[in-house]
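Here the structure is laid out as structure tokens; the discussion comes afterwards.
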Amino acid sequence: VLNKAPETAPVLCQRICGVCPIPHTLASAEAMDMALGIEIPKAAKLLRRATLAAHNINSAAIHHFLVAPDVVPEDKFADAVNSVSEVRKHVQYVVDMIAGEGIHPSDIRVGGMARNITPFTKERLVERMTALKPKLEAHIELIKNCVAESAEKLGIPEAEAKYLSGSS
């Protein structure tokens, strides 16, 4: 981004990696904010934080999908994949509504966000995430139990397996 306009940093940096454009976008926008001495509005801070939280959940779900062949028994595999899809669908909606797009978030800008969300959008996001919470908890339990059950096969020491399963 050397010799480029500050507002180009988020656009360029989000394209560094196809897996994690949200963190790259946020890090570059925040770096520019700090370099330029910009104090972003509280609403923008909250929207950025919500975007990153949704991305983190999405990223964890993607990793669960990637390890599923190694840890999820065949009889639970379809449930695990469906669970990952359900989680990702909900959190991707959050990113799309707040940041503009999930792959290359267009609304994260130097100085804050391009726009705030409407009260209606906020209400829909709260409803959607509230509905996701029990599904997310069930997903976490499923993956946690599968990892704990596969611990020996994966070479995970017994103490760590107990920790993973919540029994210690």
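Summary of computed values
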read-out: Alpha-carbon centroids, the stretch 14-47 and the stretch 61-124: separation in whole Å; value: 18
read-out: Cα long-axis angle, helix 21-35 against the chain (0 to 90 degrees, to the nearest 10); value: 40
read-out: Value of relative contact order over the chain, rounded to a whole percent, pairs C-alpha under 8 Å and six or more apart; value: 23
read-out: Within the chain, helix-based [θ] at 222 nm, where runs of 4 or more DSSP H residues each add -39,500 (n - 2.57), nearest 500; value: -24000 deg cm²/dmol
read-out: Carbon plus sulfur fraction of accessible area for the chain, probe 1.4 Å, in percent; value: 60
read-out: Proximal lysine pairs, the chain, alpha carbons under 21 Å, eight or more residues apart or interchain; value: 19
read-out: Accessible solvent surface per residue of the stretch 26-168, calculated while the other protein chains remain in place, 1.4 angstrom probe, Å²; value: 59
read-out: Stretch gain in nm, segment residue 106-residue 17, where the contour uses 0.36 nm per residue and the Cα spacing is subtracted; value: 30.5 nm
read-out: Residue 85-residue 118 FRET efficiency (beta carbon distance; Förster radius 30 Å; 0.05 resolution); value: 0.60
read-out: Inter-label distance, nm, simple model (7 Å from Cα along the C-beta direction), residue 77/residue 45; value: 4.7
read-out: Identified option (computed Cα Rg over 2.2 N^0.38 Å; candidates [x] 1.22; [y] 1.91; [z] 1.17); value: [x]
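The values are calculated or read from the model by the stated rules, or taken from the named source; none is laboratory data. In this text the structure is predicted, and so the values were computed from the model without any measurement. Cβ coordinates were reconstructed from backbone atoms using ideal geometry, including for glycine residues, and neighbour counts include every protein chain displayed. Surface areas here come from the heavy atoms of the whole protein model, side chains and all, with no ligands, DNA or RNA. Shrake-Rupley method; radii C 1.70, N 1.55, O 1.52, S 1.80 Å.
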